[in-house]
2 protein chains.
Amino acid sequence: MAQYTVTFFPHKKSVVVEEGTTLLDAVSKAHITINNLCGGDGICGRCKMVVVEGSVKGDVSAKLTREEITKGYVLACMAKIMSDLIVDIPEETLAKEKIKSDKDAERFRSFEETVSRDDYTPSPLTQKIYIELDEPTLANNTADHERLCETICRNNRFCSIQMGLKIMKILPEILRKNNYQATVTIGMRRDIAELMNVEGGDSSDRNYIIIVDMGTTTVVAHLVNANTRKTMGAKACFNSQGIYGREVTRRMITAEKRNSSDMQQLIVGDINRLIEALADENSINLKNITAVVCAGNPAMGHFLLGLPTYNMRRYPFVATSVEPPPLRAAEVGIEINPRGLLYSLPGISAWVGSDITAGILATELYKKEGVTLLVDIGTNGEIVVGNKEWLVAASASAGPALEGASVSCGMRAEPGAIERVYSNENVIGFDTIDGLPPKGICGSGIIDLISVLLEEKYINRSGAFIRNTDNIREINGVKSLVLSENGKDGGSGPVFINESDIENVITAKAAIFSAMKILLKRLDLNFSDLDRIYLAGAFGYYLNCDNAISIGLIPSIPRNRIEFVGNTSIRGAKIAAFYQEAYSDIMAIRKMTTYYDLMGADDYVEEFQKALFLPHTDIELFTSNAGSGK
Amino acid sequence: MAQYTVTFFPHKKSVVVEEGTTLLDAVSKAHITINNLCGGDGICGRCKMVVVEGSVKGDVSAKLTREEITKGYVLACMAKIMSDLIVDIPEETLAKEKIKSDKDAERFRSFEETVSRDDYTPSPLTQKIYIELDEPTLANNTADHERLCETICRNNRFCSIQMGLKIMKILPEILRKNNYQATVTIGMRRDIAELMNVEGGDSSDRNYIIIVDMGTTTVVAHLVNANTRKTMGAKACFNSQGIYGREVTRRMITAEKRNSSDMQQLIVGDINRLIEALADENSINLKNITAVVCAGNPAMGHFLLGLPTYNMRRYPFVATSVEPPPLRAAEVGIEINPRGLLYSLPGISAWVGSDITAGILATELYKKEGVTLLVDIGTNGEIVVGNKEWLVAASASAGPALEGASVSCGMRAEPGAIERVYSNENVIGFDTIDGLPPKGICGSGIIDLISVLLEEKYINRSGAFIRNTDNIREINGVKSLVLSENGKDGGSGPVFINESDIENVITAKAAIFSAMKILLKRLDLNFSDLDRIYLAGAFGYYLNCDNAISIGLIPSIPRNRIEFVGNTSIRGAKIAAFYQEAYSDIMAIRKMTTYYDLMGADDYVEEFQKALFLPHTDIELFTSNAGSGK
């Protein structure tokens, strides 16, 4: 088959591809990250590019205007390469700010100074220990390997130490050249202590662990000093897999069609870039990073390890592994100390991952007397209810609307996003992130906006516009409310919300609310029986709780029982990383948690449909301060 | 530096080497195995070659006759290559019969039908288990990895199972393609059960383990069916390291001077050739060989793993590891199942290896009430004394005379070797292995011969000839007794023993006897206090016990207390391979055994000198049936 060269501007990067390859695949091959929400189905219209020279074929998309088509615009996912090409990628198509500091961590203090839990004894999963061995004599000429292990075990709490051949080979020289003084790195592989590394002299003060939250949308990494447990830095980037779909299911399909290692390379690449940025910023040598501890949903966990996801999305929804063992990080391509370990924390099922077990750990649900509900709002809404005796988890597919996607002017929580909306003397006002001109609306802004529109009677309880004001008009044939006449994606279009967007948001909040309701019903509980609701997710921090109640996303229970707990995934992963007992407890949490499959519930559809109103069909659920979920 | 091509005949193999390389190194590089006893010091004269074309430089050796020198004979270890060469390797120089069946095993029934120990429960270190998993349902959709591990643990005695990424990746497909029926290979890494392999369907009947005795001179491998514990074949070959010295110390020196991985490659090459021959003969696929269990002296153990030996032969004699962990066999280059395990059994010290711990296991010394002495006669003589309460081990450097080396016409126990010598009506008679014309004398023949010479008063108690008969004359200026006028090494020279040879044998037996004596003295014991003496070594089988007593190699205690136990190294390794409790007991044996360093004994030299007579200075030790060693 013919091979063509495609050159992308402004990057001036060229790749050679086969005839018929899509521009989306070509841009991925060129390692250029672009916006794409639908995973290449020609639906989202975010992957616009301009073909400057050469020819492509493919259907014309309704997402392109006549003017754009005349100018040579194509959707990268629809355009098949038929010759050598020169392609311009417009700024709006390029994913912004590859590596940024973790705003969440910075703004909302989840960037805690020190990981701390009084109920556990500090003991990092990988630790460096300085030891001084007795010099061998004729009366005490125990072999080097056994001398080292015996000394470590005697001075510490290990019963035995595993050691590989590579270490044994270098051991005699290191010990003798350093006067029998050495620093050993011990990594826990479940109950087994492995001597991962040995260095001459005392370097025990240089040991760092990376904590990663592998979000479907955003990957966050924190750098923590293993001795002080202080977080030294926090960085985030978009999950590069986004090019193959905003939702994990689409990525699974892509992984099955293509080589499944593609998804692995993308997430590992993101993690490596974050680690590099953190190490650079803190002048840390990568060899002193001895472990990476990751939490994420089951799909991300599988992608990270390159495990097949095929059966996860097919009846009866079976994961390949929910409790993978610690591995050498290098085995998946993560660049830290060559013998450093990768801990992918255990999840619960094919649909409830280690982000949730970490969340349970962080919020101490598994130690509480009263019944607590934890809801982690993301593309999937995960819900856990329970106490120290029992835990039940469920997962609801909410879609990406509450993250600002599948909404015309939705965007990630980046500078320029409308993050807060309010009504001021009947005028709709808003704040943007960093006070920049508005480019779009992020999740918290969308909830605020719908709540305001409902309160100010712009829309009815079904989400349809019922007022006629200057700022309401048809855009692309759909009734829309315009917030700003221009600035969309940094360009000239208006920033607006339309009835279809509102419908997507209602669907999302209905999915989450009905999931909570069904789960409590099965447990013979009301919302009022809950001691506490923990609202988690990066999202949670921006959320106006009253507005979330008023659109029916969360139930109306006394406000002092609702707590925003932030990114519990990364917080739980940190605790697991620095307290071996907590790491073991995650295994116990997995075993004490029952997964409840909502899809199998007869009344789920009914409950879901009842929730497809603002705030709900049963409006009385949201009028008292103690709604009944029964 | 100039590079030259050296071509060896009859092999027609060429290698390119740098100017000044010895012919010995070149022949090694060409992977041709030749006889060499001294390790390249120009002493043994076994590495004769004929330079047909080209020039070499180097000292002329006294080991070559004038006639040989005229014909172009050189010693390969002394000849430095100065041009392209064509070299003939005479038949006598070539090591014979690269792979042969283990004669020991065949002739003396150490080739036992079934490995069997009533005191342990059979449980091979690597086992194949056939399992049928419950097919996943919505109500039971445990992940594949956990489903598999839980099923194995439930049906077997494992608490937990370790599994690597490679297996997890292929697991979903294997399970589904085979109707959830699979065969897992579980390997023990100390207390940890590792799932090494998974295959679809039931292949649990095809599991084989290789047992290796890494002798300094001979490497023996047995192929055992892991289910029936039946030995299916036994092969032996010369240790290819012999080219770098008959004694391990010489090989250590060579390993330090050259690349230490050379020695590893040689022993691994030997093991691979033995495995291949065994697998071919029994039509077994290498992938069904799941483990190799090795015993040997500490140097061989270090060479096998490529561990540094530098400190073992230097004060205070520290090994790198005496208890190395189980490893992936592929990590050292052993070719069995790519995920198969290598168990290098634990030894005791830098001088007492796993051949001895295996010997203790095989002879059950560590379970006996009465005090037993085990002596394993080889190039090193290892001695263990003890009972179920305590064990003390010592090692005496005997030299290779008792194995037929460092003796003018000494040879390995191959066809044509004189293995038995007797006096028949005042005429010295002998038997050769396989009844062939005599080529030389092997160890058992040498002991018989010296005993006969002493009894018939050919020699005095110092080993000097005191008779004048036709068969005694000077050869190369040394008084010699000729057994056959021609046939040496298959050539035309006489087969004889001279006074210098006899002195070497006396030195060897004196080293072993005085070691036993000193060790017992330290323990406040007499030889008569011993319940039993076990005489081990391939050597032991050929030994005429009365002759061994009469030359003073072993003490004169009642014959019914002396037992030949054969190759206890391979027998013990088999027991460790098929009984996990026995494998654990080897660790316990290591810990309950004290190493006694003879070199540190003040009276060793005195005892040694007293033993430099036939049978001993204190002749009364050998005149009664119950000698006193005190």
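Ranked from highest to lowest mean number of other Cβ atoms within 10 Å per residue, what is the order of the peptides B:22-31, A:491-500? Don't jump to the answer; show the numbers that get you there.
Numbers: B:22-31: 21.3, A:491-500: 18.3.
My ranking of the peptides, most packed first, is B:22-31, A:491-500.
Hey, if you drop one equal point scatterer on each alpha-carbon of the stretch B:480-623 and run the Debye formula without solvent, what base-10 log of I(q)/I(0) do you get at q = 0.19 Å⁻¹?
Debye intensities relative to I(0), on a log10 scale: -1.24.
Long-range amide H contacts for B:Met232: which residues qualify at under 5 Å (H placed 1.01 Å from N, peptide plane, sequence gap of 5 or more or a different chain)?
Result for B:Met232 returns B:Leu223, B:Val224, B:Asn225.
Axis carrying B onto A: which residue of B has the nearest Cβ, and how far, whole Å?
Per the B/A rotation axis, the closest residue of B reads B:Ile192, 3.
Treat every Asp and Glu Cβ in the stretch A:386-485 as -1 and every Lys and Arg Cβ as +1, leave all other atoms uncharged, and give the resulting dipole magnitude about the Cα centre to the nearest 20 debye.
Numbers: 9 positive and 13 negative charges, 68 e Å.
Dipole about the Cα centre, nearest 20: 320 debye.
With a ≥ b ≥ c the root eigenvalues of the C-alpha gyration tensor of the stretch A:126-200, is it rounded (a/c under 1.5), prolate (a/b larger than b/c) or oblate? Show your work: numbers first, answer last.
Working: a/c = 1.74, a/b = 1.47, b/c = 1.18.
Judged from the Cα gyration tensor, the stretch A:126-200 comes out prolate (a/c at least 1.5, a/b above b/c).
Determine, for each peptide in B:465-473, B:171-179, the mean count of other beta carbons within 10 angstrom over its residues, then list the peptides with the highest first.
Working: B:465-473: 13.1, B:171-179: 17.4.
Result, highest mean first: B:171-179, B:465-473.
Calculate the mean, over all residues of peptide B:171-183, of how many other protein chain Cβ atoms lie within 10 angstrom of the residue's Cβ.
Details: counts 4, 10, 3, 0, 3, 3, 0, 0, 0, 0, 0, 0, 0.
The shielding value for this peptide is 2.
Can you give the FRET efficiency to the nearest 0.05 for A:Lys257 and A:Met232, using r as the Cβ-Cβ distance and R₀ = 51 Å?
Details: r = 40 Å, r/R0 = 0.79.
With a Förster radius of 51 Å, E is 0.80.
Which whole-angstrom value gives the distance between the alpha carbon centres of the stretch A:210-287 and the stretch B:329-343?
Using only Cα atoms, the two centres lie 35 Å from each other.
Please work out whether the protein assembly as shown counts as rounded, prolate or oblate from its C-alpha gyration tensor, where a ≥ b ≥ c are the square roots of the eigenvalues and a/c under 1.5 means rounded, while otherwise a/b larger than b/c means prolate and anything else oblate? Can you show the working numbers first?
Numbers: a/c = 3.16, a/b = 2.35, b/c = 1.34.
Taking the square roots of the gyration eigenvalues as a ≥ b ≥ c, the protein assembly as shown is prolate.
Please list, in chain and number order, the residues 5+ apart from B:Thr218 or on another chain whose amide H is under 5 Å from its amide H, with Hs placed from the backbone.
B:Asn239
What does the net charge come to around A:Gly404 if you take all other residues with beta carbon closer than 10 Å to its beta carbon, with K and R at +1 and D and E at -1? Walk me through the numbers on the way to the answer.
Values: positive: A:Arg412; negative: A:Glu403, A:Glu414, A:Glu419.
It works out to a net charge of -2.
Could you calculate the contour length gain from A:Asn476 to A:Val50, that is, 0.36 nm times the residue separation minus the distance between their Cα atoms, to one decimal place in nm?
Values: separation 426, 0.36 × 426 = 153.36 nm, distance 2.21 nm.
Here the answer is 151.2 nm.
Using the Cβ atoms and a cut-off under 14 Å, what net charge is assigned to the surroundings of A:Lys368, where Lys and Arg are +1 and Asp and Glu are -1?
On the way: positive: A:Lys367, A:Lys388, A:Arg532, A:Arg561; negative: A:Asp119, A:Glu364, A:Glu369, A:Glu389, A:Asp529, A:Asp531, A:Glu563, A:Asp585.
With Lys, Arg at +1 and Asp, Glu at -1, the net is -4.
Shape call for chain A from the C-alpha gyration tensor, a ≥ b ≥ c root eigenvalues: rounded (a/c under 1.5), prolate (a/b greater than b/c) or oblate?
Working: a/c = 2.21, a/b = 1.39, b/c = 1.59.
Cα axes put chain A in the oblate bin.
In whole Hz, with x marking every Gly and Pro, tabulate ³J(HN,Hα) for the stretch B:384-392 from phi via Karplus 6.51 cos²θ - 1.76 cosθ + 1.60, θ = phi - 60°.
10, 10, x, 8, 5, 8, 8, 9, 10
From the cross-link list A:Lys368/B:Lys166; B:Lys169/B:Lys257; B:Lys29/B:Lys71; A:Lys29/A:Lys166, which pairs have alpha carbons spaced over 32 Å apart? Intermediate results must be reported in sequence, preceding the final value.
Details: A:Lys368/B:Lys166 39 Å; B:Lys169/B:Lys257 44 Å; B:Lys29/B:Lys71 25 Å; A:Lys29/A:Lys166 36 Å.
Distance filter (> 32 Å) returns A:Lys368/B:Lys166; B:Lys169/B:Lys257; A:Lys29/A:Lys166.
Counting only Cα, what are the radius of gyration and maximum Cα-Cα distance Dmax of the stretch B:506-575, in Å?
Rg and Dmax of the stretch B:506-575, Cα atoms, are 12.7, 35 Å.
Please list 3J(HN,Hα) in residue order for the stretch A:514-522, calculated via the Karplus relation 6.51 cos²θ - 1.76 cosθ + 1.60 where θ = phi - 60°; whole Hz, with x for glycine and proline.
Using θ = phi - 60°, the values come out as 5, 4, 4, 5, 4, 4, 5, 4, 4 Hz.
Report the percentage of all Cα-Cα pairs in the stretch B:355-630 whose separation exceeds 33 Å, rounded to a whole percent.
Details: 8722 of 37950 pairs.
Of the Cα pairs, 23 percent sit more than 33 Å apart.
Find how many whole Å separate the alpha carbon centroid of the stretch A:466-532 from the alpha carbon centroid of the stretch B:505-556.
Value for the Cα centre distance between the two parts: 94 Å.
With a sphere of radius 12 Å drawn around the Cβ of A:Ser28, what net charge do the other residues whose Cβ falls strictly inside it have (Lys, Arg +1; Asp, Glu -1)?
Details: positive: A:Lys13, A:Lys29, A:Arg258; negative: A:Asp25, A:Asp262.
Every neighbour counted, the sum reads +1.
Among A:512-520, B:433-441, B:222-230, what's the highest-first ranking by average C-beta atoms within 10 angstrom per residue?
The most tightly packed comes first, giving A:512-520, B:222-230, B:433-441.
Across peptide A:153-162, how many C-beta atoms of other chains are within 10 Å of each residue C-beta, on average?
On the way: counts 0, 0, 0, 0, 0, 0, 1, 3, 1, 5.
Whole-number average of other-chain Cβ neighbours for A:153-162 is 1.
So for chain A, averaging the separation of alpha carbon pairs under 8 Å that are six or more residues apart and normalising by length, what relative contact order in percent results?
Details: 1397 pairs, mean separation 74.0, N = 630.
Dividing the mean separation by the residue count of chain A yields 12 percent.
In whole Hz, what ³J(HN,Hα) sequence does the stretch B:497-502 give by Karplus (6.51, -1.76, 1.60; θ = phi - 60°), x for Gly and Pro?
After applying 6.51 cos²θ - 1.76 cosθ + 1.60, I find 10, 10, 5, 5, 4, 4 Hz.
Provide the FRET efficiency to the nearest 0.05 for the B:Asp434-B:Tyr315 pair, computing r from the beta carbons and using R0 = 56 Å. Intermediate values should be presented prior to the final figure.
On the way: r = 46 Å, r/R0 = 0.82.
Computed FRET efficiency for B:Asp434 and B:Tyr315: 0.75.
State to the nearest 20 debye the size of the charge dipole of the protein assembly as shown about its Cα centre, where the only charges are +1 on K and R beta carbons and -1 on D and E beta carbons.
600
Counting only other chains, what is the mean number of Cβ atoms within 10 angstrom of the Cβ of each residue in peptide B:146-152? Walk me through the intermediate numbers first.
Values: counts 8, 3, 1, 2, 0, 0, 0.
Partner-chain Cβ atoms within 10 Å, mean over residues of B:146-152: 2.
What whole-number distance in Å separates the alpha-carbon centres of the stretch B:369-424 and the stretch B:72-87?
Using only Cα atoms to place each centre, the spacing works out to 37 Å.
If you put +1 on each Lys and Arg Cβ and -1 on each Asp and Glu Cβ, how big is the dipole of the stretch B:319-382 around its Cα centre, in Debye rounded to 20?
On the way: 4 positive and 8 negative charges, 37 e Å.
Computed about the Cα centre, the dipole is about 180 debye.
Using a Förster distance of 60 Å, how high is the FRET efficiency between A:Glu18 and B:Asp618, based on the Cβ-Cβ distance and rounded to 0.05?
Working: r = 91 Å, r/R0 = 1.52.
Computed FRET efficiency for A:Glu18 and B:Asp618 comes out at 0.05.
I'm checking a number: the convex hull volume of the Cα atoms of the stretch B:212-344, normalised per residue, in Å³. What is it?
Numbers: hull volume 12.4 nm³, N = 133.
Hull volume normalised by residue count: 93 Å³.
If you average the sequence gap of Cα pairs under 8 Å that are 6 or more apart and divide by the length of the stretch B:3-93, what percent do you get for the contact order? Kindly include the intermediate steps, with their values, before the conclusion.
Numbers: 181 pairs, mean separation 36.2, N = 91.
Normalised by residue count, the contact order of the stretch B:3-93 is 40 percent.
No lab work stands behind these numbers, since they all come straight from the coordinates. Just so you know, these numbers come straight off a predicted model, no measurement behind them. Here Cβ is always computed from backbone atoms with ideal geometry, including for glycine, and neighbour counts include all displayed protein chains.
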